[in-house]
Amino acid sequence: MDRVLITGALGQLGTTLQKVLYKKGDFVIATDIRDATKKIECQYEKLDVLSYDELQRIVEKYEINVIYHLVAILSAKGEKNPFHSWKINMETFQNIIDVSIKSKIKKIFWPSSIAVFGKDSNLNFVPQNAHMNPTTIYGVSKLAGEKLMNYYYHKYKLDIRSIRFPGIISMETKPGGGVTDYIIEMLKASKKGKDYNCFLNKDKRLPMIYMEDAISAIILLMSANRSKLTISSSYNIKGFTATPEEFYSAIKSNGYKIRINYKVDYRQKIANTWPEDLDDTKARKDWGWHPKFGLEKTIKSALNI
Ligand code: AKB
């Protein structure tokens, strides 16, 4: 049984991951910077990962051996205050790395993102080892984190594993400041029968993944034998690709009668530097990645149809 610490456990990924790992039988301590307002099944502690001492205290107190470090300020929100975003995204990661080396943590999971890519990444089908010139501070911090993973693996054999997540679709939490959040807003508006103003252009194609698949990917990667992993930074994965208009058609064909207005804003410029599609064959080959949710199945599940 692993003794797991999750940081950012009240965020989009953390909210689902803590439940799944707890049900799987791990000892789980969920943490976040704020008090938990909803009931949490596993143990919960308020933790600011910028505080090295607090982090170390919790790791020692609960004899943690695996960490899922999910704290992050996402792409669109990050642009409002780049200095603060860098601090949150990078200093927390450095603290996790430092504590993990000292406390001999067995494995760490840290999510990267398709935000690491940029215009020269061959955006119509981004390879695993693309040129990466990110355009947001979020993307820059994720790319720096990928370099750190690789560095600390070679220097101290620190086992950090990572996935470059596309837009994750889930209904449990509020949208958290990402560019791909438009689909979550669209789904939530549909459920309420409200029209929706989409901030991306109707034809902007992006890779997406349903939460259930995102969680299975994390579990598969974390349970893989390290010797099978040929990438010591982050793996490309996707569930499927879609445009706002394709999502809208799928929602309509399931009986939701809302209207969409396209009111493009600064987030379109960010999305224009992200992949339309990407190559995830390395993840398939190295640790058996295989998505179960396509567009139609995602929409049905998200809308409980
Ligand atoms: C965002 O839109 O910022 C995130 C991401 C793709 O990493 N969902």
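The values are calculated or read from the model by the stated rules, or taken from the named source; none is laboratory data. For clarity, every value in this text was computed on a predicted model and none was experimentally measured. Counting neighbours? That spans all protein chains shown, and the Cβs are built from the backbone with ideal geometry, glycine included. Please note that ligands, DNA and RNA were not included when accessible areas were found on the heavy atoms of the full protein model with its side chains. Shrake-Rupley method; radii C 1.70, N 1.55, O 1.52, S 1.80 Å.
If you go through the stretch 8-24, how many residues are open to solvent by 40 Å² or more (accessible area, probe 1.4 Å) and away from the ligand (no atom under 16 Å from the Cβ)?
5
Return yes or no: is Arg205 surrounded by fewer than 22 Cβ atoms within 10 Å (Cβ to Cβ) and more than 14 Å from the ligand (Cβ to nearest atom)?
Judged against the criteria, Arg205 is not a match.
Please go through the stretch 98-123 and pick out each residue that is touching a Leu at 6+ places or on another chain (Cβ under 9 Å), assigned to a loop (DSSP other than H, G, I, E, B) and either within 17 Å of Tyr52 (Cα to Cα) or among the acidic types (Asp, Glu) (or both).
The answer is Ile105, and nothing else.
Asn89: buried (at least 17 other Cβ atoms within 10 Å of the Cβ), under 30 Å from Gln268 (Cα atoms), polar (S, T, N, Q) and under 21 Å from the mean Cα position of the chain (by Cα), yes or no?
Taking the combined requirement at face value, the residue satisfies it.
When the residues of the stretch 150-191 are narrowed to those that are modelled with pLDDT of 95 or more, among the charged types (D, E, K, R) and within 14 Å of the ligand (Cβ to nearest atom), which ends up nearest to Pro111 (Cα to Cα)?
It comes out as Arg164.
If the Cβ limit is 6 Å and pairs must be 6+ apart or interchain, which residue in the stretch 77-91 that is touching a residue at least 12 places away in the same chain (Cβ under 8 Å) pairs with which residue that is more than 11 Å from the ligand (Cβ to nearest atom) and outside any helix (DSSP H, G or I)?
From the stretch 77-91, the pairs are Glu91/Leu50.
What number of residues in the stretch 229-269 are part of a helix (DSSP H, G or I), of a type in the set (Val, Ile, Thr) and surrounded by fewer than 22 Cβ atoms within 10 Å (Cβ to Cβ)?
Within the stretch 229-269, residues that are part of a helix (DSSP H, G or I), of a type in the set (Val, Ile, Thr) and surrounded by fewer than 22 Cβ atoms within 10 Å (Cβ to Cβ) number 0.
Is it the case, given these coordinates, that Leu74 is open to solvent by 40 Å² or more (accessible area, probe 1.4 Å), within 14 Å of the chain's Cα centre (by Cα) and within 16 Å of the ligand (Cβ to nearest atom)?
Answer is yes for this residue.
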